[in-house]
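J.: The following block contains the structure, expressed as structure tokens.
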Amino acid sequence: MAKAAESSGDPGTASPRPLFAGLSDISISQDIPVEGEITIPMRSHIREFDSSTLNESVQNTIMRDLKAVGKKFMHVLYPRKSNTLLRDWDLWGPLILCVTLALMLQRSSIDSEKDGGPQFAEVFVIVWFGAVTITLNSKLLGGNISFFQSLCVLGYCILPLTVAMLVCRLVLLAEPGPINFMVRFFVVIVMFAWSIVASTAFLADSQPPNRKALAIYPVFLFYFVISWMILTFTPQ
Amino acid sequence: MAAADELAFHEFEEASDLLAETPDAATTSGSNQLTPQGHVAVAVDSGGSYGAEEEVEESDRTALLQEEKQQPGFWTFGYYQSFFDVDTSQVLDRIRGSLLPRPGHNFVRHHLRNGPDLYGPFWICATLAFVLAITGNLTLVLAQRRDPSIHYSPQFHKVTVAGVTIYCYVWLVPLALWAFLRWRKGVRERMGPYTFLETVCVYGYSLFVFIPTVILWLIPVPWLQWLFGGLALALSAASLVFTLWPVVREDTRLVAAVLLSTVVLLHALLAVGCKFYFFQPLPLAHPAPPTQAASLSPDLPPPPTARAHTT
């Protein structure tokens, strides 16, 4: 430190010293030990975990996966900036949600072929191809999130809209009318906003700062189309 | 900060300002120093034009960028990443440029000078397809509220139709246009035609003005719908024509006129086709006429088939 003070000359000047100017003064003394153990605790934990799952009962396996899915559902319902969804991604949750949504949105077979609401396959294709397109888009824009992590987040954030679909189906059991429509409209809007907020909380940090809006807009379009399908659902 | 100013691309700003002030500069040999800036960013299919440039200060830059840009092959991810190399402000600027076409402002030279992107065309087309299907559906809902005999159905297949139509338009028409311009390139040596991606970009961004128009088509007043449609078509076609004019003006009169009118005609066909398919005049809703006829005329004479039986 004393050497550095001498070399800067007049202490009152505001001229910045060149970077790394003091590095040449640093030397590693001989008696600092540079040795140790490098272990990754997570890795060894998982390895011992894996070898014991072969012998456990089926119920344990299923419950463990279900608990992981349930924990992620909680993270979506109360979105905070955590990266649990990103770290341990899985696609069970999105699959369950997508199948539920598609089953509920399916039109009855009484309708004619062309003029009805979406079929199961159409909903499925929209959800999965939409999620893949958004993921490719965010990767091409320079985001540093992996492909499956992004699919996982987008799939899990459909949860509020699935809840909206359930509510809409229940509300549609009552008599039709403008109040019926207003209730459904309100529920769908709130859940749409919740989906967007949840997915933005997880995805926004992985984008370069001057392209965040470019990456978030397709997510907005995706959930908007799904909300539209939910809102226009009419049972026969 | 002084360091940040030094790093700004002063030469780019000067060149584009020069071009913006003097739109005729696009046709003189002075523009040769500007064309490589548009072409260098996408080095894929204009490799042949590099040999013609002889300005000393440009050849170094083109040589350097040529080395950089030719490295990713089309099978690598990095190749496609170069087409999405835009910021939010750039995309917004390009949209604004397509909404307000001005005779001197060439969209490609002025707004795309940093390089064409695929983000704009792709997502504008996707938005337009969904907005078309959704507002078409909404029109039917609103009409049904006024006239309960119209049969409502969420016509989901229209999303597919809208998507396929718009994406085909934005990819196939620029392909044809680009191929035609390259074929005619032999006639005019001075100004190189646009690359394929720049043409796709121009078409994609020119479709943006239809998004608010389609939303405004919800208002069920026919003359207002035609007014909005005409306005949108004029803006969009003007943007295309002003962009194509510097390239086409050196060709023979006949070819220029035919090309520009074909471009405008195809655009008009797209607009009118969308209006008619997605916003059908409502008496054409098919299940409606029998129920309407039955409810309106219970006391009319029996239909001709019954009369035929009696005679």
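The values are calculated or read from the model by the stated rules, or taken from the named source; none is laboratory data. None of these values were measured; they are calculated from a predicted model. Heads up, the Cβs are rebuilt from the backbone with ideal geometry, glycines too, and the neighbour counts pull from every protein chain shown. These area figures cover heavy atoms from the full protein model, side chains too; ligands, DNA and RNA do not enter into them. Shrake-Rupley method; radii C 1.70, N 1.55, O 1.52, S 1.80 Å.
J.: Please give the FRET efficiency for residue B:276 paired with residue A:77, using the beta carbon to beta carbon distance and R0 = 30 Å, rounded to the nearest 0.05.
T.: 0.10
J.: Right, next: Just reorder A:212, A:72 by solvent-accessible area, largest first, 1.4 Å probe, all chains present.
T.: Ranking A:212, A:72 by accessible area, largest first, yields A:212, A:72.
J.: Considering the zone a paramagnetic label at residue A:92 would reach in this model (a point 7 Å from Cα along the Cα-to-Cβ line), which residues of region A:64-80 have amide N under 12 Å from it?
T.: Those under the cut-off are A:64-73.
J.: If you count only protein heavy atoms and use a 1.4 Å probe, how large is the accessible surface of residue B:88, to the nearest 10 Å²?
T.: About 30 Å², rounded to the nearest 10.
J.: Tell me the total accessible area that B and A bury against each other, 1.4 angstrom probe, in square angstrom rounded to 100.
T.: Buried: approximately 2500 Å² between A and B.
J.: Could you report region B:88-279's accessible area per residue, 1.4 Å probe, as an integer in Å²?
T.: 43 Å²
J.: Within a Cβ distance under 14 Å of residue B:218, other residues only, what is the Lys/Arg minus Asp/Glu net charge? Write down the numbers at each step before the final one.
T.: Working: positive: B:145, B:146, B:275; negative: none.
With Lys, Arg at +1 and Asp, Glu at -1, the net is +3.
J.: Carbon and sulfur together cover what percent of the accessible area of region B:88-279 at a 1.4 Å probe radius?
T.: Carbon-and-sulfur percentage of accessible area, whole number: 73.
J.: Another question about this same structure. Using protein chains only and a probe of 1.4 angstrom, how many square angstrom of residue B:245 are accessible, to the nearest 10?
T.: Per-residue accessible area (residue B:245): approximately 110 Å².
J.: Over 32 Å between Cα atoms: which of A:139/B:158; A:72/A:139; A:212/B:275 fall into that group?
T.: Checking Cα-Cα distances, A:212/B:275 exceed 32 Å.
J.: Here is a further query. Just the accessible area for residue B:250, please: 1.4 Å probe, Å², rounded to the nearest 10?
T.: 50 Å²
J.: How large is the Kirkwood hydrodynamic radius of region B:88-279, in angstrom, based on all distinct alpha carbon pairs? Walk me through the numbers before you get to the answer.
T.: Working: mean 1/r = 0.0568 Å⁻¹.
Roughly 17.6 Å, rounded to one decimal.
J.: Starting from the Cα of residue B:185, step 7 Å toward the Cβ, then list every residue of region B:92-127 with an amide N under 17 Å from that point.
T.: Hits in region B:92-127 for residue B:185 at 17 Å: B:109, B:116.
J.: How big is the gap, in Å, between the Cα center of region B:145-177 and the Cα center of region A:144-219?
T.: 24 Å
J.: With each pseudo-label sitting 7 Å past Cα toward Cβ, what's the residue A:53-residue B:100 distance in nm, one decimal?
T.: Taking the simple label geometry, residue A:53 and residue B:100 are separated by 5.8 nm.
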